[in-house]
Amino acid sequence: MVHRRLLPQPRAVGRARARRASRILAALAAMAALLSVDVPGAEAGQPLGVTARAAPDAAADRVGALFAGGLDGGHFCTAAVVRSAGRDVIATAAHCLEDPDTTVFAPAYREGEAPYGTWRITGVYVAPGWTDGEDPDADIAFATVAPVDGGRSERVEDLVGGFPVAADQAADATVTVIGYPRGEEAPLRCANTTALLSPTQRRIECPDLSGGTSGSPWLVDGALAGVLGGHEGGGTVPEVSYSALLGDRAVELYREASDAG
């Protein structure tokens, strides 16, 4: 099976939405600043359905690129730190962890730098539906990580925090996606409303989410509600992306990974 998101894609032109959406987001951002909470969506003033470079912040720092062997091996997928008992779990697409022994995670990676170090995969938790037949509904994985150099006493969640994991989201939930296209040296961010493609798959319209964004977290109110993957390996064009819904099996995998740390 060929996963389109693992391959470079041509860039798409961002499509701005109505000015009213921008004004609403700006108002939400101002209110959030007063209340000291995160805006569940795009950057302040960034309209829904528009993709832009993600500024460094707490959410973007928890997202990182997956590399083949090391930072000089090229990044090919995206992953994110999630909360866990062992403080060492990341979430990504199952098809991103076909070679876990040579895969390295770099949270908050930007412009060739990994400010929180690089992390090797120590354990992979994937549903049998994926390993036995690459079921798109099972295209989510959790993995435990440890520092590549072995010199850190902290766990990855100690350094960047982690997203809570939340299943059972509304079909039309507003989702924020943060991910690393292969041609970019910093993460991109887009927020938009979503719809169900099927009872088990969700779709979002966001431009520029091309090859390398597989595994990107889908965030609803700051909680992980899915990862980019599933149907068509996450999508065959950069403008439309997919995620399998987090079901009972995915939550079970998450708990297994969390308890293993």
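The values are calculated or read from the model by the stated rules, or taken from the named source; none is laboratory data. Here the structure is a predicted model, which means the values were calculated and not measured. Please note: Cβ atoms are built from the backbone with ideal geometry, for glycine as well, and neighbour counts cover all protein chains shown. Note: accessible area is taken over every heavy atom of the protein model, side chains too, but ligands, DNA and RNA are not part of it. Shrake-Rupley method; radii C 1.70, N 1.55, O 1.52, S 1.80 Å.
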When only C-alpha pairs under 8 Å and at least 6 residues apart count, what is the relative contact order of the range 87-227, in percent?
25 percent
Can you list the HN-Hα couplings for the range 67-72, worked out from phi with the Karplus curve (6.51, -1.76, 1.60; θ = phi - 60°), rounded to whole Hz and with x for Gly and Pro?
10, 8, x, x, 4, 8
At 37 °C and a viscosity of 0.692 mPa s, what translational diffusion coefficient does Stokes-Einstein give for the range 49-200, taking Rh as the Kirkwood radius over Cα pairs? Give it in µm²/s as a whole number.
205 µm²/s
Give the distance, in whole Å, between the Cα centre of the range 114-157 and the Cα centre of the range 42-83.
16 Å
With a 1.4 angstrom probe the carbon and sulfur portion of accessible area for the range 92-220, in percent, totals 44 percent
In order over the range 188-205: 3J(HN,Hα) from phi, Karplus 6.51/-1.76/1.60, θ = phi - 60°, whole Hz, x for each Gly or Pro, gives 9, 9, 8, 10, 6, 5, 10, 9, 7, 6, 8, x, 10, 9, 10, 10, 9, 9
Nitroxide proxy distance, nm - points 7 Å out along Cα→Cβ at Asp57 and Thr131:
3.9 nm
Within 10 Å, count the other beta carbons around each residue, average over each peptide in 227-238, 206-217, and list them highest first.
206-217, 227-238
Amide H partners (placed H, <5 Å) of Ser214, local residues excluded
Thr78
Based on the Cβ-Cβ distance from Ala186 to Asp221, what FRET efficiency comes out when R0 is 25 Å, to the nearest 0.05?
0.55
Residues of the range 150-261: accessible area per residue at 1.4 Å, in Å²?
35 Å²
Go from 0 up to the bin containing the longest alpha carbon distance in the range 95-153, width 5 Å each, and give me the % of pairs per bin.
4, 17, 23, 19, 17, 9, 8, 3
Measuring from label point to label point, each 7 Å out along Cα→Cβ, what is the Arg152 to Asp72 span in nm?
2.1 nm
